[in-house]
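I have placed the structure first, in the form of structure tokens, so that the comments after it can refer back to it.
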Amino acid sequence: MDRGAAFRRAFHIASPVFLAYYALPDAVTPNITKVSLAILFIGTAGCIEIARIALGIKLFGMRPYEGQRVSAYAQGLLGLTIGIFVVQDPRIVVPVFLGMAWIDPLAAYVRRRRWSPMVPGVAYFLLFIAAEAAMNQVPSWSARVLFAAIATIAAVAVEGPRIPQVDDDLLMQLLPYAALIVTMAILPAGLSR
């Protein structure tokens with residue numbers, strides 16, 4: 001594995017540190033909120049991405065085809081931004097982001113080793129269940145299993161196909177977010193809350 005690929009995988013595995021947003025108090029200091037910190041971070045990353053594209057700079061770990069498109073790093077952050085500010089529900093955002101962060105590199109490894117394509121799906125499902133159980137915000141085990149199954153199907157469906165301008169780091173978040181929002185809206189309140 002080249003150093004760029006190793007860096008990408010390490011970044012993926014470490015990226016759940018951004019979920020610390022949910023652990024921060026609303027007011028970090030009397031004058032600084034967690035929302036303002038998130039906007040500062042996201043805005044800074046966005047400016048760096050715009051400058052990178054405009055100047056034709058290739059960041060370490062980027063794939064050759066990412067040169068003149070929005071990088072996978074930025075698309076992953078865009079997915080998390082949509083999760084935090086639009087979806088807002090940590091019961092959805094946390095397990096979905098963990099799935100993108102940890103299962104996407106696992107899926108690449110599984111493909112290279114020619115293991116069963118079921119491995120990433122089973123791993124995503126189990127990770128989702130574990131995250132939901134750890135957060136303990138969905139009281140019904142049947143709802144947890146249902147949410148995990150729906151998110152797994154949505155995420156695994158978009159992990160493999162290559163779409164030129166859209167990275168799976170974004171799609172592995174957006175599709176499960178949408179599927180889970182619809183599912184939670186349809187389910188009786190007692191089951192999904």
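The values are calculated or read from the model by the stated rules, or taken from the named source; none is laboratory data. Please read all numbers here as calculations on a predicted model, not as lab measurements. Ideal geometry is used to build each Cβ from the backbone, glycine not excepted, and the neighbour counts take in all protein chains shown.
Any residue in region 49-62 that's hydrophobic (A, V, I, L, M, F, W, C) and surrounded by 13 or more Cβ atoms within 10 Å (Cβ to Cβ): show its pairings with residues that are outside any loop (DSSP other than H, G, I, E, B) and at pLDDT below 85 at Cβ separation under 8 Å, as long as the two are six or more apart or on different chains.
M62/G4
Return the only residue of L126, L146 being surrounded by 15 or more Cβ atoms within 10 Å (Cβ to Cβ) and either in contact with a His (Cβ under 6 Å, 6 or more places away or on another chain) or not charged (D, E, K, R) (or both).
So the residue among L126, L146 that is surrounded by 15 or more Cβ atoms within 10 Å (Cβ to Cβ) and either in contact with a His (Cβ under 6 Å, 6 or more places away or on another chain) or not charged (D, E, K, R) (or both) is L146.
Which ones in region 133-147 are within 18 Å of A185 (Cβ to Cβ) and part of a helix (DSSP H, G or I)?
Passing the criteria: S142, A143, R144, L146, F147.
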